Amino acid sequence: MKRLVMLLIAGLVTAQAWGLNLEPLSMRFTPSGRDSIRTFRVTNTQDESIAVRIQMTSRELQSNGEEFRRSADSQFMVFPNRLFLEPGQTQAVRVQWRGPASLEREQAYRIIVEQVAVEQERPANEATSGGVSLAFMYRYVGAVYISPPNARPNIVLNSARTAGSNGSVVEASVLALEFENTGSGHTVLREPEIVIRGETLSGESVRYELDAEQLRAIAGTNFLAGARVVQLVSLPVPLNEATLEVEHNLMLSK
C-alpha cells in the first residue's frame, strides 16, 4: 500500500511539473531611464487557482562556484508582488530598479516567483475524512542584471599554485587555479581549454591537458562581474611550483 501511495504521488508530481511559468527567465535593466522598469509575465498552468509571491534577492558567486543570496526587496519595486491566479491566467508584473542611477559595474540579482499555500476555511458542518491532503508547490528563479552602458566581461587567470603551504608531496599534487572576472559585465565560461606544464620534484618535464571533469567548477559557470572562482585540480604527480606554466583558452558567451 505504501508503495502504491508513493507511485501515485510521483505520478502527480510528473503530471504537474510545470504548474507555474515565468517569462522571460532573464532580464537586463539599465540603472536609469526607460529600461530601469521592465515587465515579467507569470502564468498559472495548473487546473486550480493558485497564490503566488515574488521576491528579489542579491546574487553573489563564491570562490567555490556556489551562489549566495540575501534579500534585495528594498532595491526594487515589484507590482504586484502577490498574485492570485485562476487556471490559465497570465499576470504582468512590473519590476522597477530603485538603486543607484549610475553604476561602474553590473550588479546581479534574482527574481524568485513561488507558489504559496492558501489555507481555505472548512465549513463548520463538513466532516473530516481522515485522509492526507497533499500540496505541490512550484518555484521559478530568474536572473536580473542591472547593467551600466558598455558593460563587458574580462576573465583572467590570477594565479596557479600548489594547494597548501607546508610543502608536502600530497599537497604539491593539488593545483589551485584562481580565475577572476575583472570586467564590468557577466559572462558564461564555455569549454575552457587549459594545459599545465612544469617539472616533477625529480626534475622531469611534464605536460597535462585538463579534461572537462577536472574543470567542472568553472566550465559553464556564469562569472558575475567581480567574481573570483578557484578550481582545484589533482595532478598525477607533484610538481615544483616554481616551474609551473599554465596555457589557457577561455571561450566566453553572454
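The values are calculated or read from the model by the stated rules, or taken from the named source; none is laboratory data. Computed from a prediction, not measured in an experiment: that's the story for all the values here. Note that each Cβ is placed from the backbone with ideal geometry, even for glycine, and that neighbours are counted across all protein chains shown.
See the values below:
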| quantity | calculated |
| --- | --- |
| Arg197, sole failed condition from (1) crowded, with 19+ Cβ neighbours inside 10 Å; (2) in contact with an Asp or Glu (Cβ under 8 Å, 6 or more places away or on another chain); (3) at pLDDT 85 or above | (1) |
| In the stretch 34-46, the residues that are out of contact with any Ser or Thr (no Cβ under 8 Å at 6 or more places or on another chain) and either within 12 Å of Gln96 (Cβ to Cβ) or touching a residue at least 60 places away in the same chain (Cβ under 8 Å) (or both) | Arg34, Asp35, Ile37, Arg38, Thr39, Phe40 |
| Residue in the stretch 78-86 that is modelled with pLDDT of 95 or more, closer than 21 Å to Gly226 by Cβ and not hydroxyl-bearing (Ser, Thr, Tyr) present | no |
| Odd one out for Glu106, checked against (1) assigned by TED's automatic domain parsing to the domain that holds Arg207; (2) at pLDDT 85 or above | (1) |
| Residue within the stretch 45-56 that is closer than 30 Å to Leu177 by Cβ and modelled with pLDDT of 95 or more present | no |
| Residue within the stretch 132-139 that is modelled with pLDDT of 90 or more and not aromatic (Phe, Trp, Tyr) present | no |
| Checking Ser147 against (1) within 30 Å of Thr182 (Cα to Cα); (2) of a type in the set (Ser, Thr, Tyr); (3) at pLDDT below 95, the condition it does not meet | (3) |
| Counted residues, the stretch 208-244 - those being assigned to a strand (DSSP E or B) and of a type in the set (Ser, Thr, Tyr) | 2 |
| Check on Ala92, among the aliphatic types (A, V, I, L, M) and modelled with pLDDT under 90 | no |
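Quick grid of which residues meet (1) of a type in the set (D, E, K, R); (2) touching a Gly at 6+ places or on another chain (Cβ under 9 Å); (3) closer than 22 Å to Ser159 by Cβ:
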{"residue": "Leu189", "(1), (2), (3)": "no, yes, yes"}
{"residue": "Pro192", "(1), (2), (3)": "no, no, yes"}
{"residue": "Arg197", "(1), (2), (3)": "yes, no, yes"}
{"residue": "Ser205", "(1), (2), (3)": "no, yes, yes"}
{"residue": "Thr221", "(1), (2), (3)": "no, yes, yes"}
{"residue": "Gly226", "(1), (2), (3)": "no, yes, yes"}
{"residue": "Val229", "(1), (2), (3)": "no, yes, yes"}
